[in-house]
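Enquirer: Got a structure here, written out as structure tokens. Questions coming.
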Amino acid sequence: MNLDLLTVDAARSAVQERKTSATALAESFYAKIESDDPKIGAFLTLSKERAMAKAAQMDALAAKGENLPPLGGVPVGIKDVMVTKGVRTTAGSKILGNYVPPYDCTAVAWLEAAGAVVLGKLNCDEFAMGSSNENSAWKLVHNPRDLTRVPGGSSGGSAAAVASDMAVAALGSDTGGSIRQPASFCGVIGMVPTYGRVSRYGLIAFASSLDHIGPLTKTVKDAAIVLRTIAGRDPMDSTSADVPVPDYVAELEKPVRGLRIGVAKEYLGEGLDKEVRSAIEAAIQKLAKQGCEIVDVSLPHTRYAIPTYYIVATAEASSNLARFDGVRYGYRAKDARTLSEMYRRSRDQGFGAEVKRRIMLGTYALSAGYYDAYYLKAQRVRTLLTRDFEEAFNKVDAIAAPVSPTAAFKLGEKVDDPLAMYLADIYTVTADLAGIPGISVPCGETKNKLPIGLQILGRHFDESTILRVAQASEKAVTSGKGECP
Ligand code: GLN
């Protein structure tokens with residue numbers, strides 16, 4: 001079976017109609033991973049036994065002529081920050097190098113319950129901290145569209161696996177942009193749902209008030225299918241919301257005509273690459289042509305978003321990462337003489353440079369005497385950023401924006417300049433801070449053939465609208481044969 005551009009529905013129907021078997025499909029994906037992944041670097045661990053058992057189960061259903069569940073036989077990959085029972089889960093970190101979790105992340109369990117075949121665990125920045133995947137303790141991920149460039153991060157393995165047809169869909173996590181930005185860099189769809197829409201149970205915590213799980217897929221419809229599967233209240237996560245989950249796939253049928261799309265000048269100003277800007281502007285025009293009304297909105301506190309995010313996220317990270325002490329999980333330094341030396345050495349040897357930087361920044365921001373000046377202030381500004389969105393959404397149904405100021409940059413280009421790396425998160429951190437949903441959908445290419453993503457942001461729990469708008473944009477681009485609009 002041709003794996004190129006294979007979608008969820010196409011894969012499932014092929015298994016259902018017995019044009020192929022889930023087993024044969026999984027085997028073809030593993031063969032592709034074996035041949036192509038050495039040059040991409042997307043997978044960290046393969047879960048063949050688990051995958052083949054699920055595939056056999058789906059084949060048995062199909063053989064009996066029973067209806068397969070929505071992801072029956074569909075091969076997927078999981079970012080290595082989601083725990084998987086019996087399958088090594090490292091969070092891209094040496095400190096969890098040998099960690100084999102005793103339970104499953106809810107989102108993974110629900111995907112599997114819907115028939116998905118989990119091929120393996122996907123590379124990412126250590127503890128999801130980064131924008132280029134260069135912070136993985138294990139190996140680099142190369143952008144499938146240009147192997148000399150980064151795939152984005154931190155869900156770089158997820159985006160690269162989907163973009164190179166090594167998985168039909170993947171799960172990623174987004175704390176400050178880590179689903180949308182790699183999706184944009186690799187030319188796939190990436191969606192961050194509303195905070196609380198998808199359970200975080202079993203997601204290794206980076207910054208708990210900002211962490212989200214979401215899908216990376218080849219089509220908007222596939223994102224809707226995966227989201228419908230993983231969304232909903234989970235008693236194991238007290239922050240997961242008890243809000244009814246619409247049928248996102250059915251909602252895609254509604255027209256976009258008459259929707260009001262906001263455009264914020266703060267997202268199209270200084271620092272935005274010219275080619276990215278013209279692709280975004282052209283994509284917005286295409287939405288206007290389909291009957292959307294384009295409305296100017298203002299998000300005046302956007303310029304404070306980066307410092308706010310990097311205080312809140314690092315503060316929460318410093319607290320969350322305190323549990324990795326060489327005692328309970330994974331790596332332990334061998335040559336320590338005292339308990340405290342064992343803690344210190346395990347953490348020193350187990351964590352990479354970026355993670356240490358963030359633990360130090362966060363510990364400082366939370367320390368006595370600085371708490372009010374940094375953490376408390378950042379929380380207040382976070383409220384202002386959230387209000388900016390609330391006001392904008394009084395006037396519009398969705399907001400269109402870039403995902404990243406540039407297309408994928410070169411491997412190594414920014415590794416020595418963490419601040420430059422942080423600043424490039426400007427268009428994505430705001431949604432996480434406000435807890436609103438966002439999606440990245442390819443809208444064109446640079447002259448070097450690098451993908452450009454259009455970001456659509458929406459109201460809390462209104463994933464349906466942004467999926468619809470994203471699909472309208474996807475259709476406009478596909479009908480233009482993927483050319484720069
Ligand atoms: N690039 C951002 C960071 O480094 C976002 C990471 C994320 O969303 N997990 O923190």
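A short reminder: the numbers here are calculations on the coordinates, not readings from a lab. Treat the numbers as computed from the prediction; the structure is a model and nothing was measured. Glycine gets a Cβ as well: all are built from the backbone with ideal geometry, and neighbour counts include every protein chain shown.
Enquirer: Could you tell me the ratio Rg/Rh of the chain? Both radii from Cα atoms, Rh via Kirkwood. If you can, show how the numbers build up before the last one.
Expert: Details: Rg = 21.2 Å, Rh = 22.2 Å.
Rg/Rh: 0.96.
Enquirer: What shape does the stretch 259-309 have by the C-alpha gyration tensor, where a ≥ b ≥ c are the square roots of the eigenvalues, rounded means a/c under 1.5, and otherwise prolate means a/b greater than b/c and oblate the rest? Kindly include the intermediate steps, with their values, before the conclusion.
Expert: Values: a/c = 3.24, a/b = 1.55, b/c = 2.09.
Note, shape of the stretch 259-309 comes out oblate.
Enquirer: Based on DSSP H runs of at least 4 residues, each adding -39500 (n - 2.57), what is the mean residue ellipticity at 222 nm of the chain after dividing by all its residues, to the nearest 500 deg cm²/dmol? Intermediate values should be presented prior to the final figure.
Expert: Values: 16 runs with 188 residues, N = 485.
Mean residue ellipticity, 222 nm, calculated: -12000 deg cm²/dmol.
Enquirer: Volume per residue, Å³, of the convex hull around the alpha-carbon atoms of the stretch 201-356?
Expert: Values: hull volume 29.8 nm³, N = 156.
Considering the Cα atoms of the stretch 201-356, their hull volume per residue is 191 Å³.
Enquirer: On to the next question. Multiplying the sequence separation of D335 and K289 by 0.36 nm and subtracting their Cα-Cα distance, what value in nm do you get?
Expert: Numbers: separation 46, 0.36 × 46 = 16.56 nm, distance 6.70 nm.
Separation in residues times 0.36 nm, less the Cα-Cα distance, equals 9.9 nm.
Enquirer: Also: Rounded to the nearest 20 debye, what is the charge dipole size of the chain about its Cα centre when +1 sits on each Lys and Arg Cβ and -1 on each Asp and Glu Cβ?
Expert: Values: 57 positive and 55 negative charges, 105 e Å.
For the chain, the charge dipole is close to 500 debye.
Enquirer: A follow-up question, please. Can you give the Rg/Rh ratio of the stretch 374-418, where Rg is from the C-alpha atoms and Rh is the Kirkwood radius? Before the final figure, lay out each step's value.
Expert: Values: Rg = 16.3 Å, Rh = 13.9 Å.
Taking Rg over the Kirkwood Rh, I get 1.17.
Enquirer: Follow-up. If eta is 0.692 mPa s and T is 37 °C, what Stokes-Einstein diffusion coefficient results for the stretch 331-451, Kirkwood Rh from Cα pairs, in µm²/s? Mind dumping the intermediate values first?
Expert: Values: Rh = 18.4 Å.
Translational diffusion coefficient: 178 µm²/s.
Enquirer: Label the stretch 91-161 by shape, choosing from rounded, prolate and oblate, from the square roots a ≥ b ≥ c of the eigenvalues of the Cα gyration tensor; if a/c is under 1.5 it is rounded, and otherwise prolate applies when a/b is larger than b/c, oblate when it is not. Provide the component values of the computation, followed by the final result.
Expert: Details: a/c = 2.58, a/b = 1.43, b/c = 1.81.
Here the stretch 91-161 falls in the oblate category.
Enquirer: Here is a further query. K334: which lysines have alpha carbons under 18 Å from its alpha carbon, excluding same-chain residues fewer than 8 sequence positions away?
Expert: Cross-link targets: K94.
Enquirer: Please compute the alpha carbon radius of gyration of the stretch 200-256, then divide it by the globular-protein estimate 2.2 N^0.38 Å. Two decimals is fine.
Expert: Working: Rg = 13.1 Å, N = 57, 2.2 N^0.38 = 10.2 Å.
After normalising by residue count via 2.2 N^0.38 Å, the value is 1.28.
Enquirer: Here's something else I'd like to know. Only four residue types carry charge here, +1 at the Cβ of Lys and Arg and -1 at the Cβ of Asp and Glu. Report the dipole size of the stretch 73-126 about the Cα centre in Debye, rounded to the nearest 20.
Expert: Computed about the Cα centre, the dipole is about 120 debye.
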